[in-house]
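Structure, as structure tokens:
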Amino acid sequence: MTNSYLHIHPEVQQALKDQKPVVALESTIISHGMPYPRNVQTALEVEKVIRDGGAIPSTIAILDGKLCVGLNADQLEKLGKSGHEVWKVSLRDMPYVLSQNLMGATTVAATMRIASMAGIRVFVTGGIGGVHRGAEDSMDISADLTEMAHTSVAVVSAGVKSILDIGRTLEYLETLGIPVVTYGQDAFPSFYSSRSGFKTPLRLDSASDIASMMKAKWEIGLDGSVLVANPVPSEFEVTPEEIEKHILKALDDANRLGIRGKEVTPFLLKTIAENTGGESLDANIALVKNNAVLGTAISVAFSTW
Ligand code: PSU
Ligand code: MN
């Protein structure tokens, strides 16, 4: 769906025209997910991983009243340096941020929708939003999930972070008809860890098998995402037991400080990163790069159909 707000970088435009593989990347991970300057460094390194794998990277953000598909190094630097001053944009924020000419970093939900407008079918991130712990009272369920129900872009993640209620998130994904497939193992991963205590609903062992499942889904008219869960490389893993105490502390802080709504996820991510020191940040960076390798291979395999 093209529109006057959509601005596609010429290199991305050309690749799409030539039906070459393109991989979308989100920008909230840069502005709200990691500290400066490692966020910008990581964004550039992830783009390089995608190029080395034979696809064109396309980071998505809202700048100067446009939905930008593909950013240059200056734009990445600006987004990364401005950190939390940048608007965190999920679907409901898009019209406001666009029409007010604000700088916006897109979440999984908003990135998927913009990628889809441009015709991109594969999107690489770290972790998705989901059903929060205590959602039975707060009703805090990320728009990432409902967006995945109807936008046909595959999302490559390292599973679901255990700041969320992983069991309820998997149930919700099932309700919405979203295939959840783990790459190469039976355990569903939980971002920092290759396991979560839950078994994966589906397992596939190659990028081409994942691409052929995407083709089957979309060709028969089942719109919506495929969630790919790619376990963090074992050398960077943090055990669920170790991370859990930091999560409980961060949740407690969030409650005490009355953190609500869109602030919850960035607050938890930031608090946990601070309290675990470098270890969780190293894991975070390693898993995003690892996801970029798999996402690129999926995108290359998908582009041959
Ligand atoms: N989970 C992570 N890392 C992240 C996010 C979630 O492990 O960076 C970001 C993503 O941009 C995701 C957003 O789309 O947070 C979800 O926010 P919310 O829970 O407010 O929907
Ligand atoms: Mn929320």
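The values are calculated or read from the model by the stated rules, or taken from the named source; none is laboratory data. Just so it is clear, the structure is predicted and the values come from calculations on it, not from any experiment. Using ideal geometry, Cβ is built from the backbone for each residue, glycine included, and neighbour counts are taken over all protein chains shown.
Of the helices (runs of 4 or more DSSP H) lying entirely inside region 6-58, those carrying at least 1 residues that are within 18 Å of the chain's Cα centre (by Cα) and in contact (Cβ under 8 Å) with a residue 24 or more places away in the chain are 28-31, 38-52. The single condition from (1) surrounded by 15 or more Cβ atoms within 10 Å (Cβ to Cβ); (2) in contact (Cβ under 8 Å) with a residue 40 or more places away in the chain that K78 fails is (2).
Taking (1) closer than 17 Å to H32 by Cβ; (2) in contact with a helix residue (DSSP H, G or I) (Cβ under 6 Å, 6 or more places away or on another chain); (3) away from ligand 2 (no atom under 16 Å from the Cβ) in turn, V226 satisfies each apart from (1).
Scan V40, V23 and give me the residue that is away from ligand 1 (no atom under 12 Å from the Cβ), hydrophobic (A, V, I, L, M, F, W, C), more than 17 Å from T2 (Cα to Cα) and surrounded by fewer than 22 Cβ atoms within 10 Å (Cβ to Cβ). From the options V40, V23, the qualifying one is V40. Note on region 209-234: among residues that are over 21 Å from the mean Cα position of the chain (by Cα) and among the small types (G, A, S), the one that is nearest to V181 (Cα to Cα) is S212. Looking across region 95-111, the residues that are within 16 Å of ligand 2 (Cβ to nearest atom) and either of a type outside the set (S, T, Y) or at pLDDT below 95 (or both) come down to A105, V108, A109, A110. Of the residues making up region 137-184, those that are within 11 Å of ligand 1 (Cβ to nearest atom), under 12 Å from L227 (Cα atoms) and assigned to a loop (DSSP other than H, G, I, E, B) are A158, V160.
Could you list, in sequence order, the residues of region 124-148 that are of a type in the set (A, V, I, L, M, F, W, C), within 16 Å of ligand 2 (Cβ to nearest atom) and either touching a residue at least 40 places away in the same chain (Cβ under 8 Å) or in contact with a strand residue (DSSP E or B) (Cβ under 8 Å, 6 or more places away or on another chain) (or both)? Lay out the reasoning, then the answer.
Residues of region 124-148 of a type in the set (A, V, I, L, M, F, W, C): 124, 128, 131, 135, 139, 141, 143, 145, 148.
Next, only the ones that are within 16 Å of ligand 2 (Cβ to nearest atom) stay: 128, 131, 135, 139, 141, 143, 145, 148.
I128, V131, A135, I141, A143, L145, M148 - these are the residues of region 124-148 that are of a type in the set (A, V, I, L, M, F, W, C), within 16 Å of ligand 2 (Cβ to nearest atom) and either touching a residue at least 40 places away in the same chain (Cβ under 8 Å) or in contact with a strand residue (DSSP E or B) (Cβ under 8 Å, 6 or more places away or on another chain) (or both).
Only one of S142, S162, S225, S190 is surrounded by 16 or more Cβ atoms within 10 Å (Cβ to Cβ), among the small types (G, A, S) and under 21 Å from A301 (Cβ atoms); which? Walk me through it before giving the result.
Values: S142 fails: under 21 Å from A301 (Cβ atoms); S162 fails: under 21 Å from A301 (Cβ atoms); S190 fails: under 21 Å from A301 (Cβ atoms).
None of the other options fit; the residue is S225.
Is there a residue in region 235-250 that is surrounded by 20 or more Cβ atoms within 10 Å (Cβ to Cβ), hydrophobic (A, V, I, L, M, F, W, C) and touching a Lys or Arg at 6+ places or on another chain (Cβ under 8 Å)? Taking every residue of region 235-250 in turn, none turns out to be surrounded by 20 or more Cβ atoms within 10 Å (Cβ to Cβ), hydrophobic (A, V, I, L, M, F, W, C) and touching a Lys or Arg at 6+ places or on another chain (Cβ under 8 Å). Of all residues in region 87-136, those being more than 11 Å from ligand 1 (Cβ to nearest atom) and either part of a helix (DSSP H, G or I) or more than 17 Å from the chain's Cα centre (by Cα) (or both) number 20.
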